[in-house]
Amino acid sequence: MTGKIIREQFHHLPREHYCGRVWGSFTICVQHRQQLFSSGSIVNCCVSILDAARKRHACLVLLYCFMPDHLHLILQGQDQQSDLYATILDFKHSGGIYLWRSHSHYHLQKNFYDHLIRSANELATQLTYVAENPVRRGLVSRWQDYRFTGSLGIDLGSVLDAML
């Protein structure tokens, strides 16, 4: 293995695919799978940071779910100027600064997983998957009981009632 160069792999779509009235699902992990999002105060600060980022880039957070070691987000662009990708980069940058200043032993992983959602049926599937994540992990028996699930810019109940 000596002398072998390891290059970072880029797997995201071209930026224009994330712009406009589109839906996207994103997963952001905590480096080394540390249990960062177990504290209500940390999650509340991150929700505020996420809310500011989504406003700057004209997006709705249809659903967020802060699991102990990762975060799921489903975003929707509100208009033609919306940029889901920029929202995620903004959140990760501002969240990284917050962590560096307040909890310097925690870091978000450099990359993240993303998936553009192409239909209302697929959106319903993604919403169900994210909402049920705490149940699958054994953290709660009903998704409604998980305190780190919510939405921003839209009522969570109306989103889930319409889709689930």
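The values are calculated or read from the model by the stated rules, or taken from the named source; none is laboratory data. As the structure is a prediction and not an experimental result, all values here were calculated from the model. Note: ideal-geometry Cβ built from the backbone for every residue, glycine included; neighbour counts use all protein chains shown. Just the protein is used for accessible areas: all its heavy atoms, side chains included, with ligands, DNA and RNA removed. Shrake-Rupley method; radii C 1.70, N 1.55, O 1.52, S 1.80 Å.
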Among Glu16, Glu132, Glu122, the residue with the largest mean-square fluctuation in a Gaussian network model of the chain built from Cα contacts under 10 Å is Glu16
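Could you compute the FRET efficiency for Val140 and Asp161, with r as their C-beta to C-beta distance and R0 at 22 Å, rounded to 0.05?
Numbers: r = 20 Å, r/R0 = 0.89.
It comes to 0.65.
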Largest fluctuation, Leu36, Leu139, Leu116 only, Gaussian network model of the chain with Cα springs under 10 angstrom, belongs to Leu139
Dividing the helical contributions, -39500 (n - 2.57) per DSSP H run of n ≥ 4, by the residues of the chain yields a 222 nm value, nearest 500 deg cm²/dmol, of -12000 deg cm²/dmol
Expected unfolding gain across Arg21-Tyr98 under the 0.36 nm per residue rule, minus the alpha-carbon gap, is 24.8 nm
Most fluctuating of Asp79, Asp51, Asp114 in the GNM of the chain (C-alpha, under 10 Å) is Asp79
Over the chain, with neighbouring protein chains present, the accessible area per residue in Å² at probe 1.4 Å is 54
Measuring from its Cα centre, the chain shows a charge dipole (+1 at each Lys and Arg Cβ, -1 at each Asp and Glu Cβ) which, in debye to the nearest 20, is 500
Quick shape check on the stretch 1-150: root eigenvalues a ≥ b ≥ c of the Cα gyration tensor, a/c under 1.5 is rounded, otherwise prolate if a/b tops b/c, else oblate, and it reads rounded
Trypsin sites (Lys or Arg not before Pro) in the stretch 71-164 lying in a DSSP loop, each with at most 12 other Cβ atoms within 10 Å of its Cβ, come to Lys110, Arg118, Arg137, Arg142, Arg147
